[in-house]
Amino acid sequence: MGIALIVAFNRKPLILNGTMIIMVIALVIRRLPYTIRSSVATLQQIPITVEEAAISLGSSKAKTFVQITVPVMANGIISGAILSWVTIITELSTAICLYTVRTQTLTLAIYTYVSRGNDGIAAALATILSLTTVVSLLLFMKLSKSKDVTLSQLHPQTKSSVPRKGNGAFFVRIRQRPPRSPAWPRPQRHRRPR
């Protein structure tokens, strides 16, 4: 992708090689599907009857979209943007083709320092990158209200996680399969006659 952008923006009237603009274009094009996928999933969960009710009450389609649909979609858009951000700050493959001294990203700086043998500076930059990534992912999990992997407390009676105050042991909860219902017994294996 980096090579394609170099070829596309190396001629007049748009010469962008060596500028920050080509780096931004490359990273946005490469990671925009995360935001779009999250927004489309959120949009598909909104019932069409909500929009129809607003239109039947006299609101225009544009006003309905801006005042009703967009606020409902906000969590999905923000979650997708944060997920895109996390992948952008750790991007190396596209940026390595497009960077100059003025447009070097944090990931490229880490790569450069490691290749030159400056491990201390690379480790410090990697710590900054790791902390930024963790904070971004925690913000993503908070906004998306993800139930698959969350920080929660173990409830002693039910052995399940429930939000509660107090000092308790924190753990990462992973979604478990529900128990089999007695209405659906386990299928019996039939043995073949010998």
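The values are calculated or read from the model by the stated rules, or taken from the named source; none is laboratory data. These figures come from a predicted structure and were not determined experimentally. Glycine also receives a Cβ, built like all others from the backbone with ideal geometry; neighbour counts cover every protein chain displayed.
Values for this structure:
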{"item": "Test: TYR113 is in contact with a helix residue (DSSP H, G or I) (Cβ under 6 Å, 6 or more places away or on another chain), at pLDDT 85 or above and of a type outside the set (S, T, N, Q)", "result": "yes"}
{"item": "Residue within segment 48-68 that is in contact with a helix residue (DSSP H, G or I) (Cβ under 6 Å, 6 or more places away or on another chain), in contact (Cβ under 8 Å) with a residue 60 or more places away in the chain and either exposed (fewer than 13 other Cβ atoms within 10 Å of the Cβ) or not basic (Lys, Arg) (or both) present", "result": "no"}
{"item": "In segment 69-101, residue nearest to THR127 (Cα to Cα) [restricted to those that are surrounded by 13 or more Cβ atoms within 10 Å (Cβ to Cβ) and polar (S, T, N, Q)]", "result": "THR90"}
{"item": "Helices (runs of 4 or more DSSP H) wholly inside segment 55-129 that include at least 1 residues being on the phi < 0 side of the Ramachandran plot and over 28 Å from the mean Cα position of the chain (by Cα)", "result": "61-64, 106-116"}
{"item": "Segment 1-30 residues that are more than 27 Å from GLY80 (Cβ to Cβ), paired with ones that are among the charged types (D, E, K, R) (beta carbon under 8 Å, 6 or more apart)", "result": "GLY18/ARG102"}
